[in-house]
Structure formats: structure tokens, C-alpha cells
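All remarks here apply to the structure that follows.
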Amino acid sequence: MNDCIFCKIVRGELPCYKIYEDNETLAFLDRNPVNPGHTLLIPKKHSETILDTNDETLKKLITTTKKISKAIFESMKLEGFNIGINQFKIAGQVVPHLHIHIMPRHKNDGIKLWPSREYESEKEKNNVQKKITRLLK
Ligand code: 5GP
Ligand code: ZN
């Protein structure tokens, strides 16, 4: 993808602070970290979300996420970390090239997770379960 900033990073046309690279994936420091060490892991081949990414690449991404997370966890002396993928604009995806956030966490770092709510009824819960599982049979 010509205009994609993460494809440009893969091609070396834009700089990055590289953390890790193999044939299929590249990891680099997020330029605006939630905490130091916040890393983005991307597939080198352009895709937008997990939905248009092939399964082999996804498997590679999750095992590489583990490898990089372990290095960040130990080197940055973390107490925890979040892994996140924003999927599509409405969910906060700003860069339309699949990327996994590995976000270091520290006690009292002030970062809040997403808010949660109750289902309105058992009926609503049942309907939602039915809707989703219908497509998984
Ligand atoms: P999203 O909101 O799409 O899940 O996250 C995009 C992330 O990419 C943001 O955390 C942002 O700071 C990071 N980012 C955007 N442009 C660049 C860039 O050119 N270089 C680096 N290193 N990070 C970027
Ligand atoms: Zn791209």
C-alpha cells in the first residue's frame, strides 16, 4: 500500500525504533507510548484488521507477541502489560494497517480500561448468544 505509514516503515521510507524483525513481522516503539516500551507489532504484508489477514500470519503474530512481551516485561521491570488491537475506525483504529499494541503497565499509572455495563435482561443475553453462535456452526 503506497500511502500506508506502516508499509512505509516496513520499506524503510519512514524511520522507526526497531525492536524486532523476522520475515513476516516487524515490531517498533510506538511514537506516543502509554508508558515507555509501548511497542507495535505488525505484519509486513499490508492488511487492515485480523479479518483480512491470513491465519498463518495471525499465528505468527501471536507467537511473536509472546516473544516480544517477555522481553519487554523483563527488561522494563513491569508488573503487567496490556495487549490490544483496535479494529476499524469506530473502535479507535487510526492506522489502517493491522498492529498489535503491547502496552507496559505499572502500579498507579493512571491508565483506565474500557467501561463495562450489564445486559438489560437474560433475553438480550440469549439473543446475542444465538446471533453469534449461528455463524460459528
Ligand atoms: P491505533 O489507534 O490505530 O490502534 O494506534 C496507532 C498507533 O500508532 C498510535 O498509538 C500511534 O501513537 C502510533 N503511530 C502512529 N503513527 C506512527 C509513526 O509514524 N511511527 C510510530 N512509531 N508510531 C506511530
Ligand atoms: Zn500498510
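Using the alpha-carbon atoms, what tilt in degrees (0 to 90, nearest 10) does helix 55-75 show relative to the longest principal axis of the chain? It works out to around 70 degrees. Projecting the Cα atoms of Met1, Val94, Thr133 onto the charge dipole of the chain (Cβ charges, centred on the Cα centre) puts Thr133 farthest toward the positive pole. Each of the peptides 105-116, 36-47, 1-12 was scored by the mean count of other Cβ atoms within 10 Å over its residues; in descending order, highest first, they stand as 36-47, 1-12, 105-116.
Reducing the range 90-104 and the range 9-46 to their Cα centroids gives an inter-centroid distance of 12 Å. Is the shape of the range 5-134 best called rounded, prolate or oblate, per the rule: a/c under 1.5 gives rounded, else a/b larger than b/c gives prolate, else oblate, with a ≥ b ≥ c the square roots of the Cα gyration tensor eigenvalues? Oblate, since a/c reaches 1.5 and b/c is not below a/b. By the Cβ-Cβ criterion of under 4.7 Å, the unpaired cysteines of the chain are Cys16.
Computed over protein heavy atoms with a 1.4 Å probe, the accessible surface of the range 5-134 works out to 71 Å² per residue.
Loop-located chymotrypsin sites (Phe, Trp or Tyr not before Pro) in the range 81-129 (DSSP state other than H, G, I, E, B) with a sparse environment of at most 12 neighbouring Cβ atoms within 10 Å: Phe88, Tyr119. In this structure, the residue pairs whose Cα-Cα separation is over 30 Å, taken from Lys66/Lys112; Lys8/Lys137; Lys67/Lys112; Lys59/Lys89; Lys60/Lys125, are Lys8/Lys137; Lys60/Lys125. Angle of helix 122-134 to the longest C-alpha principal axis of the chain, folded into 0 to 90 degrees and rounded to 10: 60°.
For the range 35-137, which GluC sites (Glu not before Pro) are both in a DSSP coil and crowded by at most 14 other Cβ atoms within 10 Å?
On the way: sites: Glu48, Glu56, Glu74, Glu79, Glu118, Glu120, Glu122, Glu124; in loops: Glu48, Glu79, Glu118, Glu120.
When the GluC sites (Glu not before Pro) of the range 35-137 are filtered for loop state and at most 14 Cβ neighbours within 10 Å, Glu79, Glu118, Glu120 remain.
What a 1.4 Å probe finds exposed on the chain is 57% carbon and sulfur by accessible area, rounded to a whole percent.
The values are calculated or read from the model by the stated rules, or taken from the named source; none is laboratory data. Everything numeric here is computed off the predicted structure, so don't read it as measured data. Cβ: placed from backbone, ideal geometry, glycine included. Neighbour counts: every protein chain shown. Just the protein is used for accessible areas: all its heavy atoms, side chains included, with ligands, DNA and RNA removed. Shrake-Rupley method; radii C 1.70, N 1.55, O 1.52, S 1.80 Å.
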